[in-house]
Structures are given as C-alpha cells and as structure tokens.
Amino acid sequence: MAEPVTLPPPVSDEEMRLFRDLFMQQIGMHLPESKRALLSSRLSRRLHALGLPSFKAYHTLIAAPGEAQERQRAIDLITTNETFFFREPAHFKFLSEVVLPQTPARETLRIWSAASSTGEEAYSIAMLLDNERHDAPWDILGSDISQRVLDSARRGVYPMVRGENIPLADLKRHCLRGTGEYDGYFLVGRHLRDRVQFTQLNLMALPARLVPFDVIFLRNVIIYFDAPTKAKVLASVVHFLRPGGWLLVGHSESLHGIQLPLQMVSPSVYRKLP
C-alpha cells in the first residue's frame, strides 16, 4: 500500500501577514494572497528540517538579527527564479542591430543583468557579444538577491533541455557537452564564464560603488513589487544607467505613470535622456 502524501501545513492569516511584511522589508517583494500556497510548500521543508511547530515559529527565527543565514535561505526559497536562454529574443535582436552598431569598438560596453537568476540571461548576452564584438572590450555584471542561484550561475552547468533556445552554432561554439556523471548537461565555456561577474545585490539598496552601464536588463522582476517599491527600484537602477544608455524590461511589464528620465523606444525598451 502506498504511503499517504504529507501535505504542507496551511498558512494562517497572521502568518501570511508576518511573512509579507518581512519580505517587503528585506527585499521589497510584494507577496500577494495568491502566493499563500507557494509560501507553504516552499518553507514547510525548513519547518521539518528545524523541528519547528509552525510558520510563526519559523518567522520568529528568521526575523532575529543573528539569523541572517537562515533568513537568506528563506529568501532563496521564496523568490521565483524562472528563466531560460535567449528569453524574449526581440531584446537580443535590438542589442545586435541597434546598440552594438552605436557603440565604438574602442569603448568598453558595460551591460548589467540586474535579475540574473541562474545566469541564462547573462550568458546569452555574453554569447552574442563574443560573436559580434569579439575583438572589442565588454563587461557583463549579473546580480540577484539569491545567493543560491548565483552559485549556480557561476558554475554555468545546465541540463541539456535548458539549451533548446540556444542557436546550434552558439551551443557548439560556447558550450561543452557533459560526460560521465554530467551526461545530459552542458557547461558554458570558460571563455565566457571568466568574462561574466556575478554578485549578490539587493535592488532596494544598491551600493554606490556601481559605475554606469550602457545597457541594463531589468526583465520580469518589477512585476513582483508594489507600485511605490517599483518606482523606488526603477529610480535606483536608472541612476546607474549612463545618459543615452538603454533599459530593457520584460514585455509584460510597464513603466506607465512612473516619472523617470527615460524615453520609450518600444513598449519594453527605454533610453535614458541626456
């Protein structure tokens, strides 16, 4: 007889409010009521591992000043990290056909993948730049709030199915097929991994050390913020975009009603005013 499936415990209204306030305070993430089941399923494993009786007890733990490591673990579990190579291909076409021709070969092109997750976006950009700007200088910074996904991005190892959107020529040129225990996986080549820097950044509290970028990819992340937080994050990010630089957001995202020094090029592409 099959063993009964153990369902994650329900999250009470009070617990939902506690976690909603915590994630808003820590990373500016708006946790709507529709995410109650996700909160339960993703955090219940930590309750079990730590022997805690309730989500409220887990909240008390991670809200404590000395529990930064467990708090980061909770952030890693709750943040959504869905991405894939060459997602929203119109943006890569824009980069190739508009941005690159306008960037002098002698100047370093600096691009920031501001919600890089497990690295697919940053490495997609790197493949394009290595193909089309091979002998010209460029730098890519990938950042995320989750240290877990950044560790994965630095390794650059992905299941073969994740490479379905990579053009075959790029897959052969920039990636290595895994063997043995890595059969069914591929590795992004070191010539790209060495040129992409990944670092943990909180978009709610960006460090002053960042230098201006020519292009910023801020795609499919501001949809997780409420309106005031969205405006704050965008203003902070755009501060590090050089005049004349481009900001790319997700096709389903809108900057409508937010006052920024940007001119819309297309519904998901903006250029910073001089």
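The values are calculated or read from the model by the stated rules, or taken from the named source; none is laboratory data. Here the structure is a predicted model, which is why all the values come from computation and not from measurement. All Cβ positions, even for glycine, are placed from backbone atoms using ideal geometry, and neighbour counts span all protein chains on display.
Quick look at the values:
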| read-out | value |
| --- | --- |
| Tally, over the range 120-150, of residues that are among the acidic types (D, E), surrounded by fewer than 19 Cβ atoms within 10 Å (Cβ to Cβ) and modelled with pLDDT of 95 or more | 3 |
| Wholly within the range 137-232, helices (runs of 4 or more DSSP H) carrying at least 3 residues that are touching a strand residue (DSSP E or B) at 6+ places or on another chain (Cβ under 8 Å) | 147-155 |
| Residues within the range 60-84 that are crowded, with 19+ Cβ neighbours inside 10 Å and farther than 19 Å from S146 by Cα, tallied | 0 |
| Residue check, A231 surrounded by 14 or more Cβ atoms within 10 Å (Cβ to Cβ), within 24 Å of S146 (Cα to Cα) and small (G, A, S) | yes |
| Breaking point among (1) more than 29 Å from Q26 (Cβ to Cβ); (2) touching an Asp or Glu at 6+ places or on another chain (Cβ under 9 Å); (3) in contact (Cβ under 8 Å) with a residue 60 or more places away in the chain, for V269 | (2) |
| Tally, over the range 14-30, of residues that are surrounded by fewer than 19 Cβ atoms within 10 Å (Cβ to Cβ) and part of a loop (DSSP other than H, G, I, E, B) | 1 |
